[in-house]
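Scroll down for the structure; my scribbles are underneath it.
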Amino acid sequence: MSDDRRELKGTLRATLTPVTRILTFAEAIADANRKCDSLSVLLGNGFSIAYDSTIFSYESLAEEAELAALSVPKADLFASLSSQNFEVVIDKLNAASSIQRLYGGDPVLADQMAADAVVVRNGLADVLASRHPFNALAVTDEEVRHAREFLTHFLNIYTLSYDLLLYWAVNRSEVGPFVRKRDGFEWPTWKDRSRLIWKRRPTQGPQRVYFLHGALHLFVQDRKLTKLSYNSHGSIVGELRSRLEAGEYPIVVTEGTRLEKEARIERSAYLRTALQRFGLLDGALFIHGVSMSPNDDHVLELIETESSTITALYVGIYGDPDAPSARKVIDRAKEMKRHRRESGGRPLRLRFYDVTSAHVWRD
């Protein structure tokens, strides 16, 4: 075949390629309910950014974070690495430290880089606590009602974020429709009501809400994972700030690379169990506000495996579907479907929907 004919054939194929259809959220829910018995959701940082982008976007957090203990100026560090993403900065600092050691470089400099990675990691939790809405009532009843109307569709709720918005929304039961809120935390015994601890097999029924990367209200205390709650601690954000000032940090996975995330998850029975149970999901899964970056492949690849029983995938798209960020999400989702097929697993039904049509926090 001549080059001209080959080029013409490629042009025709591109012309005939169907445009990705973007459903509304209501259409996606209706379609999922027709095809599947149960619906679950995986939330990303977009869920929180939709509430307030000035608080929950990585860029604004980087501007606010003091990181005073860094060995170099914060602005210079982030600029030199061309990123405002805390996870990327942590990853590159750790990589630079390892390379220094590997090539026989200055061990003091290697230690300094590793220490700065810890400063950035802890700084993310610090700045989230300092800028986070102070209590659940900072989110209006109308905003909570919208969030609960969105969440009520799902039997299981998984999130990659570690802020308190989801926790507040599922627990404001006096506002809006019913939402499943069992998160696995209970009193140690009916007599001991000193704290709430996580139980792998809770007595009140199966766990339905999972923080895959931990959360700001989860702390290890006396080798047990405990949960901050208003009834026990008053303002959760106030208690969080007090603990951070005392050098106590919550269980949050802020490591940069997939391998580092997996290592951190493996050290926690809660995080390990949450990820395992995500891998056992069946029915329809909605992916909402997730950028589908390689850093989250340890979660996304569980959908691709031959053993996955998820039969339908509904992926939220923000903005113009032809924009680079949206194309990245669309291409990754199609890759997941292809990997499932190539692995010999059951067919995966794939649909896309407009995340803004879900009206998660407001009209």
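The values are calculated or read from the model by the stated rules, or taken from the named source; none is laboratory data. Remember, predicted model here, so these are calculated numbers, not experimental data. As a convention, Cβ positions derive from the backbone with ideal geometry for all residues, glycine included, and neighbour counts pool all protein chains shown.
Things to note:
- Qualifying residues in the range 125-138 (those that are within 19 Å of Leu61 (Cβ to Cβ) and part of a loop (DSSP other than H, G, I, E, B)) - the one nearest to the chain's Cα centre (by Cα): His132
- For the range 132-146, a residue qualifies if it is touching a residue at least 40 places away in the same chain (Cβ under 8 Å) and surrounded by fewer than 17 Cβ atoms within 10 Å (Cβ to Cβ), and the qualifying residues are Pro133, Phe134, Asn135, Glu142.
- Index of the failed condition, Ala326 passing every other in (1) assigned to a loop (DSSP other than H, G, I, E, B); (2) in the same structural domain as Ala30 (by TED's automatic domain parsing): (1)
- Residues (out of contact with any Ser or Thr (no Cβ under 8 Å at 6 or more places or on another chain) and of a type in the set (Gly, Ala, Ser)) located in the range 130-175: Ser130, Ala136, Ala138, Ala147, Ala169, Ser173
- Considering residues of the range 283-319 that are out of contact with any helix residue (DSSP H, G or I) (no Cβ under 6 Å at 6 or more places or on another chain) and among the charged types (D, E, K, R) only, the residue surrounded by the most Cβ atoms within 10 Å (Cβ to Cβ): Asp296
- Residue selection: Arg264 fails the criterion of being over 30 Å from Ala358 (Cα atoms), touching a residue at least 40 places away in the same chain (Cβ under 8 Å), assigned to a helix (DSSP H, G or I) and touching a helix residue (DSSP H, G or I) at 6+ places or on another chain (Cβ under 9 Å).
- Candidates in the range 251-261 are the residues that are without any contact (Cβ under 8 Å) to a residue 60 or more places away in the chain and either crowded, with 21+ Cβ neighbours inside 10 Å or of a type in the set (A, V, I, L, M, F, W, C) (or both); of these, the one that is nearest to Tyr353 (Cα to Cα) is Lys261.
- For Lys334: the one exception among (1) buried (at least 19 other Cβ atoms within 10 Å of the Cβ); (2) modelled with pLDDT of 95 or more: (1)
- In the range 319-351, the residues that are in contact (Cβ under 8 Å) with a residue 60 or more places away in the chain and closer than 24 Å to Gly283 by Cβ: Ile330, Arg349, Arg351
- Residue within the range 73-83 that is modelled with pLDDT under 85 and of a type in the set (Phe, Trp, Tyr) present: no
- Restricting attention to the range 320-352, the residues being basic (Lys, Arg) and touching a helix residue (DSSP H, G or I) at 6+ places or on another chain (Cβ under 8 Å) number 5.
- Screening Ile90 with (1) hydrophobic (A, V, I, L, M, F, W, C); (2) buried (at least 22 other Cβ atoms within 10 Å of the Cβ); (3) at pLDDT 90 or above; (4) outside the structural domain of Glu260 (by TED's automatic domain parsing) gives one miss only, at (3).
- Of all the numbered requirements in (1) of a type in the set (S, T, N, Q); (2) more than 30 Å from Ser57 (Cβ to Cβ); (3) in contact with an Asp or Glu (Cβ under 8 Å, 6 or more places away or on another chain); (4) in a helix (DSSP H, G or I), Gln276 misses one, and that requirement is (3).
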